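Please read the structure below before turning to the comments.
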Amino acid sequence: MRRTAYRRLWSAALLAPLVISCGDGTMPEPNPPAEELPPDPPLCATPPAATTVAGTCKGPSGDPLPCDAAHRFCKEKYAIAHEAGMTRVELRGNYRPLGWDVGYPLKLSSDGKTWEGELYLPNGRESEVKFVVNGNDWRDDPSPSHPGSKFTASCDKAPIATCDKQPMGDAITCAETLPPSGDFDWRDTVMYFTFVDRFYNGDKANDKPLTQNKAERPGDYVGGDYAGIMRKIDDGYFASLGVNALWVTVPFDNPDYLSPIDPKADKRQVGGHAYSGYHGYWPMDQWPKSGPRVEEHFGTESELKDLVARAHRKGIKVLFDYAMVHVHEQSPVYKAHAAALDLKGLPVLSADRKTILDASGKPAWFWPNVALNEDLTPILKNGMTQECICSSDAANPCQWDGTKENPLIGTRCAFQGYLPHWNYDVADALNYSLDAAVRLLRDTDADGYRADAVKHISEKWYKGLRARFLQEFPNKRIFVTGETYDFGNRDNLKRFVDSATMLDGQFDFPLRANLASAVLSRGNTGKHLPMWELAEFARTNDTYYGCGQVGAMPPVMSPWIGNHDVVRPIHIAENDPLFDEWSGGKDSDPTKERTWSNLPEQPQGPEAYERLGNAFAFLLTSPGAPLIYYGDEYGLAGGGDPDNRRVLFWSDGTLRGAVTSCHQLALFDRVKKLGQIRKSHPALRRGIRQTLEVSDELWVYQMATQKTWQGQAPETLYIAINRSDLPQTACALPSGKLKELIGDTTIAGPAIVIPPRQTRIFLAE
């Protein structure tokens with residue numbers, strides 16, 4: 001096989017040798033022979049060096065540039081009298097593109113009489129603003145200065161000194177805390193989501209076919225396993241990215257079974273595609289005492305334990321994905337404890353009609369797939385019972401988040417008819433699951449869990465889990481983070497976050513919505529937010545989930561940009577973006593399927609990769625535990641589920657079908673650099689964020705610590721993100737010499753030109 005100088009150059013750029021192929025949207029065969037390798041990709045034109053140069057922020061007369069009226073923001077004060085029972089007051093409105101969904105929190109005055117805050121409203125435009133008390137009590141402004149809820153701000157005679165720079169309020173902060181001596185601080189985490197089957201095929205011996213006919217290629221096993229993850233642990237791949245925690249998909253045994261092909265039986269899949277349990281989310285059980293426990297396609301129980309041990313030797317924590325909401329219908333535990341149904345298809349109830357019974361007359365461990373009211377009476381339609389599949393259809397009684405009349409329905413509905421839902425109101429079912437969760441960690445020495453689909457089960461599970469961990473692991477902090485799939489309502493996530501009693505944190509879906517809209521997407525789509533919108537959201541969001549109790553670890557939220565349920569972020573960053581998060585449709589057009597067919601190709605040119613690099617810069621300079629979804633570090637292509645789970649690594653150490661251009665390699669180098677910068681600077685992990693200047697296109701903020709940590713003195717770093725396709729001048733940086741950490745150069749502030757679609761990180765010398 002030929003080896004060109006160019007191929008040798010590319011190979012040297014990665015930790016493992018690369019053999020590059022041009023992706024066509026299809027999945028390659030596992031371990032193709034060498035003679036089938038495609039030719040080298042075309043050489044990317046060498047882009048000009050992304051230099052950072054000194055700029056100017058003054059007009060010809062030396063005065064600040066004036067702002068025209070259209071770009072002014074007017075400061076308006078809002079206040080509402082405190083009443084008994086008020087615990088939280090926000091301002092929501094149309095003054096921000098996402099303002100009705102995400103609020104601005106007010107502070108209770110020192111005398112406890114009023115809730116107060118300031119908004120910056122667009123000059124000359126009517127804005128509608130309402131108070132929201134305790135998350136659901138909406139009120140008009142009683143002040144005569146803002147009659148009703150609508151108000152037109154005017155600040156024509158008070159221009160902002162620096163043109164088009166949105167003034168920001170003070171940072172909302174928590175008291176700076178340090179972890180107990182010798183204890184790992186999860187705020188120092190960079191997490192990597194290893195989707196086992198799609199990451200790396202390290203052992204061909206476990207590439208076993210299903211017992212039934214093979215599933216369709218995008219939804220079938222392709223060979224990834226624990227052996228592959230261990231190989232990349234050993235060769236330092238994760239360490240090169242600054243990663244020190246792995247999120248590993250569900251380890252439980254899954255059935256050798258294909259999903260129903262009948263679209264009526266499988267509402268989730270478009271067109272009734274057949275797929276297997278390659279993803280791990282069809283558990284047969286939750287780590288039982290005996291019997292099959294580990295998915296055999298992924299490896300053995302011994303290999304799973306070895307994976308954890310190898311990770312620990314490299315200073316890497318391991319979190320298992322824990323599927324606690326449902327099991328598969330073929331599961332023995334389900335068959336033994338399923339709800340009994342009468343001849344009318346209704347659940348059999350106890351004599352007092354308060355408990356659903358199984359076939360033996362004991363309380364059933366699983367909810368029946370029947371829509372029920374809170375009193376367990378059936379929800380009928382035309383006199384007929386209805387199945388209870390989670391839905392967004394307003395006509396369906398089983399909503400993802402429940403209904404106003406029946407809020408519990410969101411904790412009972414099934415994801416699919418073949419995935420029965422646990423009922424943890426039954427004490428025996430709850431204890432069975434909690435025992436299994438403790439047993440899995442004891443057996444493997446893993447460090448915690450990513451809890452799947454948090455909002456779909458009772459809080460009893462999370463509170464019981466935390467209590468068990470405090471009892472069973474008194475000398476080890478077991479970290480539990482969660483997934484609450486909600487891009488708009490922060491309170492839906494917050495209600496589960498309490499490091500003392502429930503979850504340590506969650507993956508921050510609302511932040512991701514703002515980040516994708518402001519940094520990645522383009523201005524002609526209708527989903528494009530100005531950078532000041534992201535800045536203001538981050539200002540409130542950094543502490544929105546609380547500061548933690550005295551002596552306890554503060555909440556650790558996870559900023560993220562890609563995962564296994566949404567379109568790959570590289571396609572949001574394209575000039576012609578994909579937006580539909582769930583199905584992968586083009587601009588939410590259901591006729592343009594992007595899940596099993598019409599799959600998006602790997603973007604060409606540098607623009608999308610540079611925008612994604614900016615998104616990673618935000619993630620890795622933000623507090624919390626940022627997440628890297630496998631392949632996003634290269635800008636891997638992929639539409640909706642299952643196309644967002646394309647193959648990455650293969651057993652010969654190459655990246656076949658994953659890396660097709662030097663633009664991907666440039667992104668990879670950028671993510672590695674950002675990961676190492678974060679690792680070296682505590683301010684980027686635990687610091688307080690303060691916006692210095694922000695406009696539609698440019699955001700400059702600092703991250704600062706006040707306390708010494710592990711011998712490192714307090715520090716301040718300055719981050720400038722330019723999402724524009726044109727250079728932007730940052731005016732608010734410190735004067736004097738600044739070390740630019742990404743390019744390893746030195747430049748003098750305060751006015752510095754940031755190149756198009758680039759981020760710069762500065763440290764005052």
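The values are calculated or read from the model by the stated rules, or taken from the named source; none is laboratory data. Keep in mind it's a predicted model, so treat the numbers as computed, not measured. Neighbour counts run over all protein chains shown; Cβ positions are idealised from the backbone, glycine included.
Observations on the structure shown:
- Figure legend. Inter-residue proximity from region 333-345: first residues touching a residue at least 12 places away in the same chain (Cβ under 8 Å), second residues in a helix (DSSP H, G or I) and of a type in the set (Lys, Arg), beta-carbon distance below 9 Å, spacing 6+ or different chains. No pairs are indicated.
- In region 533-546, the residues that are not assigned by TED's automatic domain parsing to the domain that holds LEU511 form no Cβ pair under 8 Å with any partner that is among the acidic types (Asp, Glu) and part of a helix (DSSP H, G or I), whether six or more places apart or across chains.
- Flag for PRO623 being in contact with a helix residue (DSSP H, G or I) (Cβ under 9 Å, 6 or more places away or on another chain), at pLDDT 90 or above and not aliphatic (A, V, I, L, M): yes
- Any hit, region 371-384, residues being crowded, with 18+ Cβ neighbours inside 10 Å, of a type in the set (Ser, Thr, Tyr) and not in a strand (DSSP E or B): no
- Filtering region 729-741 to residues that are in contact (Cβ under 8 Å) with a residue 24 or more places away in the chain, within 23 Å of SER695 (Cα to Cα) and assigned to a loop (DSSP other than H, G, I, E, B) leaves CYS731, ALA732, LEU733, PRO734.
- Contacts under 8 angstrom Cβ, first residue in region 74-88 being modelled with pLDDT of 90 or more, partner among the hydroxyl-bearing types (Ser, Thr, Tyr), 6 or more apart: TYR78/SER143; ALA79/THR114; ALA79/SER143; ILE80/THR114; ALA81/THR114; HIS82/SER109; HIS82/THR114
- Applying the criterion of at least 1 residues that are modelled with pLDDT of 75 or more, within 26 Å of the chain's Cα centre (by Cα) and not basic (Lys, Arg) to the strands (runs of 3 or more DSSP E) found wholly in region 117-195 leaves 191-194.
- Residues satisfying the stated conditions in region 393-406, i.e. at pLDDT below 80 and either of a type in the set (S, T, N, Q) or farther than 19 Å from LYS381 by Cα (or both): THR403, ASN406
- Hits in region 320-355 (condition: of a type in the set (A, V, I, L, M, F, W, C) and in contact with a Ser or Thr (Cβ under 7 Å, 6 or more places away or on another chain)): MET324, LEU346, LEU349
- Every residue from region 459-495 that is crowded, with 16+ Cβ neighbours inside 10 Å, under 14 Å from VAL438 (Cα atoms) and not charged (D, E, K, R): TRP461, TYR462, GLY464, LEU465, PHE469, ILE478, PHE479, VAL480
- Members of region 696-728 found to be over 20 Å from LEU619 (Cβ atoms), surrounded by 20 or more Cβ atoms within 10 Å (Cβ to Cβ) and touching a residue at least 40 places away in the same chain (Cβ under 8 Å), listed by number: ASP696
- Residue check for ALA666: at pLDDT 90 or above, of a type in the set (Gly, Ala, Ser) and in a strand (DSSP E or B): no
- Residue in region 540-551 that is aliphatic (A, V, I, L, M), at pLDDT below 85 and over 30 Å from TYR275 (Cα atoms) present: yes
- Taking the conditions (1) modelled with pLDDT under 90; (2) surrounded by fewer than 23 Cβ atoms within 10 Å (Cβ to Cβ); (3) in contact with a Pro (Cβ under 8 Å, 6 or more places away or on another chain); (4) not β-branched (Val, Ile, Thr) in turn, ARG656 satisfies each one other than (2).
- Count of region 474-502 residues, restricted to those that are free of Cβ contacts under 8 Å to residues at least 60 places away in the same chain and in a loop (DSSP other than H, G, I, E, B), is 13.
- Flag if GLY585 is crowded, with 20+ Cβ neighbours inside 10 Å, modelled with pLDDT under 95 and in the same structural domain as ASP486 (by TED's automatic domain parsing): yes
- Some residue of region 592-603 being within 30 Å of ASP504 (Cβ to Cβ) and touching a Gly at 6+ places or on another chain (Cβ under 8 Å): no
- Residues within region 429-451 that are in contact (Cβ under 8 Å) with a residue 40 or more places away in the chain and surrounded by fewer than 18 Cβ atoms within 10 Å (Cβ to Cβ), tallied: 3
- Evaluated against (1) within 16 Å of GLN758 (Cβ to Cβ); (2) at pLDDT 95 or above, GLN728 falls short on exactly one condition, (2).
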